[in-house]
1. Within a Cβ distance under 12 Å of Cys58, other residues only, what is the Lys/Arg minus Asp/Glu net charge?
2. Before I look further, what does the chain give for accessible area per residue, probe 1.4 Å, in whole square angstrom?
3. Subtracting the Cα-Cα distance from 0.36 nm times the residue separation, let me have the gained length for Ser108 to Lys121 in nm, one decimal.
4. For the chain, report the convex hull volume of the alpha-carbon atoms normalised per residue, in Å³, without decimals.
5. In whole Hz and in residue order, list the ³J(HN,Hα) couplings for region 88-103 that follow from phi through the Karplus curve 6.51 cos²θ - 1.76 cosθ + 1.60, θ = phi - 60°; x for Gly and Pro.
6. Say we join alpha carbon atoms closer than 10 Å with springs in a Gaussian network model of the chain; which of Lys80, Lys20, Lys104 then has the biggest fluctuation?
7. On a straight-distance basis, which lysines could pair with Lys120 in a cross-link, Cα separation under 24 angstrom, same-chain partners fewer than 8 positions away excluded?
8. Given only helices, namely DSSP H runs of n ≥ 4 each adding -39500 (n - 2.57), what is the per-residue ellipticity at 222 nm of the chain, to the nearest 500 deg cm²/dmol?
Amino acid sequence: NEVFQALTKSIGENFVYDLKNCTPGNMPDDILLNYSHDPQVRVLVCGGDGTCGWIYSCLDNVWSTVLRRWNGQVHQSSFKDHLPIAIMPLGTGNDLSRQFGWGKRFTSNMLNKSEILAVKKGTVSYL
């Protein structure tokens, strides 16, 4: 698909995960957990409100796992800037994307390499 190809071309196939490829041990939670300790990693969710909700739920699981592994020796705020999410609105409603000013629908300019790489430099907003 066009979005997948643009993303892999811009940031590399090792950093793009197609949710259609989910299998036990290769779920979004598993992938995100691998990057949870790197404050430079950004997550671009390409989908609508349902996809975003799924990924937010996965992040809840990731942080529960991280905190459990640290056995209460680290506070959740230590990771507050880790794995922030940006949205490429590919859904039908896109309420969350619209609320954050990322747009109410997909436009082809979102596939420009400069737009994709802008996620890395974006300002983090907190829910």
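The values are calculated or read from the model by the stated rules, or taken from the named source; none is laboratory data. All of these numbers come straight from a predicted model, not from anything done at the bench. No Cβ is skipped: glycine too gets one built from the backbone with ideal geometry, and neighbour counts run over all protein chains shown. The area values use the complete protein model at the heavy-atom level, side chains included, leaving out ligands, DNA and RNA. Shrake-Rupley method; radii C 1.70, N 1.55, O 1.52, S 1.80 Å.
1. That sum, taken over residues with Cβ under 12 Å, equals -3.
2. Values: 8320 Å² over 127 residues.
Heavy-atom accessible area per residue stands at 65 Å².
3. 2.6 nm
4. Values: hull volume 13.9 nm³, N = 127.
Taking only Cα atoms, the chain has a hull volume of 110 Å³ per residue.
5. Karplus-based 3J(HN,Hα) across region 88-103 equals 9, x, 10, x, 8, x, 6, 4, 5, 4, 5, 4, 8, x, 8, x Hz.
6. Lys20
7. Partners found: Lys9, Lys80, Lys104.
8. -12500 deg cm²/dmol
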